[in-house]
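> Here it is: the structure, laid out below.
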Amino acid sequence: MKPNTRIPLSFLWRMVLIISTITASAPVVADELRGTGDLGVIIERTSGSVQIIETTHNTSLARVDGLGDLSHASVVFSRDERYAYVFGRDGGLTKIDLLKHRIVKRIMQSGNSIGGAISQNGKLVAVSNYTPGGVKVFDADTLKLVADIPASYADGKLSKVIGLVDAPGNRFVFSLWDAGEIWIADMHQPSRPKITRFKNIGTNPYDGLITPDGRYYIAGLFGEDGMALLDLWHPELGVKHILPDYGKGDKKLPVYKMPHLEGWTVAGTHAFVPAVGHHEVLVIDTQNWKQVARIPVFGQPVFVMARPDARQVWVNFAVPNNHKVQVIDTESLKVIKTLEPGKGVLHMEFEPRGEQVWISVRDKNQVQVYDTETLQLIKTLPAIKPSGIFNTSRAHKLGL
Amino acid sequence: MLRLIGISVCSLLSACLLTTAVAGQGITPARQAELHELLIEDCGSCHGSRLHGGLGPALTQQRVKKLSRDMLIETVLAGRPGTAMPPWNTMLSREEATWLVDQLLKGVKTP
C-alpha cells in the first residue's frame, strides 16, 4: 500500500469524528429535557417566519419559516406552553411546536384575519376574521373546524370582527367593527355556540380587551368618543358607554395606526388606555369608570403596556412618531423616560416578572432588550422586520 | 409651418412633462424606496402588507384601476372623513401621493 492512500483514509475518519462531535454538541432539539416557561416567539412579518427565543439568557433558539403573510400577526399559547398558535393576516392559522422548532399543523381558515384567542379550558382556538366577517373556532389539538360564527347584521351583511378575547365560563367575547355590536359566544357545547348580542354599543369598535380578572370587556370606539363597557358578571345589565366626554370640543389629530388595547394596564384602581386622535394616555378610575387624568405623550399611542408589577407603563407610537418609546411612572402619572430605539417600534413584551422588556424595532431589523429598572439597553438581537413579541407566560393569563 | 413645428414641440414638451409627473422622476430613488416602504408598512397596517385589505379596502391593481386616479390622490392626501382613512398630507407632497397612486395602478410588488 502506498502511503499516500493511507493519509486520505485517516483524514476521512477524522472528518467523520469531527462531524459527529459537532452534531452532538450542536443545539439540541428536544433531545435534552427543558421547560418552556422562558420561551417566546418573535414575528418576522415580511419573511413569513418566526423566531423562537428564550428569555433566561436572551438568545434566539431557532427560526421557523413558511407561515405566510404575518402582517398584524398575533400568537396565543397552549396551556402546557409547548405550542404556539400563530394567526396570520392571510387567514393562516399555524400551530408551532416550540420544543421541536417546527410547524405541527397549518391551515388557511379564511381570506383575511386579524387575531385570535384560546379558550379557558385550552381546548378551543378561535380566530376573528375580516373576510368573511366572523369567528371560526377550531379544536386546539387538531385544528379541525368546530364552529363557524358568521358576524351577520342588517340584511345578512357580514361585519369585520375585532377584539376577540377569551373569558371565564369558556366564553369568547368579540366586537363587530361595521355593526357596532359586542357578542358573547358561550362555548359549553363547542359545536353549538350560544350567542348573546349587544347592539348599538357605539360606532366602529376598533379593539377590545378584558380586564386581568376576566370581569370587564371593554371595546374602544373609533367612530365616536368614549368606550363600551360590558360587565361579564352581569351581562343582563347591558353595555355601558364610558368616558363619553373625552375629547369633546378638541380637534382630533389624524390616526395613522389603530391603537391596541391588549395589555390592559391596571395599577391599583387606575387603568391606562391610549387616547384616539390625541397624543395622550388616559387614566381611568376602575371604581367608577371616570377619567381621572390625561398624560401628554410623544405621539398617538399604539400599545400602552404595564410592567407586570404595574409600577411602569411603556408606550409606543404610530408613524411618524414610531421611533420612540416613553415610560410612565404610574404613581406620579408622569413620563419619566423617553427612549429612542429607532424607527419602526412595533411592539413591546415584558419578561414574565417584568425585569426586562423586549422591543421590536422593524426598520433596524432588531429586537432590543431593556432593563426596566435602569432603563438601559442590555442586548440587541437580529430579526427580520420584527413586529409582535409573545412570551409563553401569556398562556396563563385571561384575555391573552 | 414654423408655427406647426412650434406647436408640436410644445405638445411634445408637455407630453414629456406629463410623463415626468406620472413617473414621478422628480422623486429621488432613495425617496421612492422610502415611499414604497411606507406603502407596505404603514398603508399596509390597514390595507394589508400584501394590499389584500384589512380594516381598509384592498389596494390591489385589480381594484384600484376601477377607481379614478384623481380621487385616489385626493383620498391619500385628504383622507376620508367619517372613516379610519387619515389625511397623509402631513407626510406626503402631492407629487409623492401621485407617485404612490401610480404605483398602485401599475401594480405593486409586495412581500
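Read-outs: derived from the displayed coordinates by stated rules, not from any lab. Quantities reported herein were computed from a predicted structural model and do not represent experimental measurements. Cβ atoms come from the backbone with ideal geometry, glycine included; neighbour counts cover every protein chain shown.
> With θ set to phi - 60°, apply the Karplus curve 6.51 cos²θ - 1.76 cosθ + 1.60 along region B:41-53 and write out the HN-Hα couplings as whole Hz, x wherever there is a Gly or Pro.
Result, rounded to whole Hz: 7, 8, 4, x, 5, 9, 9, x, 6, 9, 6, 8, x.
> Sorted from fewest to most neighbouring beta carbons within 10 Å, what does the list A:Tyr217, A:Tyr246 look like? Intermediate values should be presented prior to the final figure.
Working: A:Tyr217 27, A:Tyr246 19.
By the 10 Å Cβ count, ascending, the order reads A:Tyr246, A:Tyr217.
> Using only the Cα atoms of region A:248-315, what do you get for the radius of gyration and for Dmax, in Å?
Values for region A:248-315 (Cα only, Rg and Dmax): 11.8, 36 Å.
> Any of A:Lys136/A:Lys290; A:Lys160/A:Lys194; A:Lys252/A:Lys337; A:Lys160/B:Lys66; A:Lys105/A:Lys136; A:Lys123/A:Lys160 with alpha carbons more than 28 Å apart? Name them for me.
Violating the 28 Å Cα-Cα cut-off are A:Lys136/A:Lys290.
> Using a 10 Å cut-off around each Cβ of peptide B:34-45, what is the average number of partner chain Cβ atoms that fall inside?
Numbers: counts 0, 0, 0, 4, 2, 0, 4, 13, 7, 1, 6, 10.
Taking all residues of B:34-45 together, the mean is 4.
> Just to be sure I follow: if Rg is taken over the C-alpha atoms of region A:109-257 and Rh is the Kirkwood radius over the same atoms, what is Rg/Rh?
Ratio of gyration radius to Kirkwood radius for region A:109-257: 0.98.
> Viscosity 1.567 mPa s, temperature 4 °C: Stokes-Einstein D of region B:29-72 from its Kirkwood Cα radius, in µm² per second? Present the calculation step by step, with values, prior to reporting the outcome.
Working: Rh = 10.9 Å.
Answer, rounded: 119 µm²/s.
> Oh, and also: For a bin width of 10 Å, list the pair-distance distribution of region A:286-381 built from all Cα-Cα distances, rounded to whole %.
Spelled out bin by bin, region A:286-381 gives 16, 50, 28, 5, 0 percent.
> Provide, for q = 0.13, 0.16, 0.17 Å⁻¹, the log10 of I(q)/I(0) from a solvent-free Debye sum over equal Cα point scatterers in region B:28-106.
Taking Cα atoms of region B:28-106 as identical point scatterers yields -0.34, -0.53, -0.61.
> Under 5 Å between amide H atoms, partner at least 5 residues away or on a different chain: which partners does A:Ser128 have, H built in plane at 1.01 Å?
HN-HN under 5 Å from A:Ser128: A:Ile114, A:Gly115, A:Gly116.
> OK, next. Relative contact order, percent, of region A:316-375 when contacts are C-alpha pairs under 8 Å separated by at least 6 residues? Walk me through the numbers on the way to the answer.
Numbers: 112 pairs, mean separation 14.4, N = 60.
Once normalised by length, the contact order is 24 percent.
> Let me ask you something else. Checking a compactness column here: for the protein assembly as shown, what do you get for Rg(Cα) / (2.2 N^0.38 Å), N being the number of residues?
Values: Rg = 25.6 Å, N = 511, 2.2 N^0.38 = 23.5 Å.
That works out to 1.09 for the protein assembly as shown.
> Given all pairs of different Cα atoms, what value in angstroms does the Kirkwood hydrodynamic radius of region A:60-176 take? Each step should come with its number before you reach the end.
On the way: mean 1/r = 0.0703 Å⁻¹.
Every distinct Cα pair counted, the radius reaches 14.2 Å.
> Follow-up. Give me the inter-chain shielding for B:77-85: mean count of other chain Cβ atoms within 10 Å, whole number please. Present the calculation step by step, with values, prior to reporting the outcome.
Numbers: counts 0, 0, 2, 0, 0, 3, 3, 7, 2.
Across the residues of B:77-85, the mean count of other-chain Cβ atoms within 10 Å is 2.
> Among B:Leu72, B:Gly82, B:Gln62, which residue has its Cα furthest toward the positive end of the charge dipole of region B:25-83, with +1 on Lys/Arg Cβ and -1 on Asp/Glu Cβ?
My answer, from the dipole projection, is B:Gln62.
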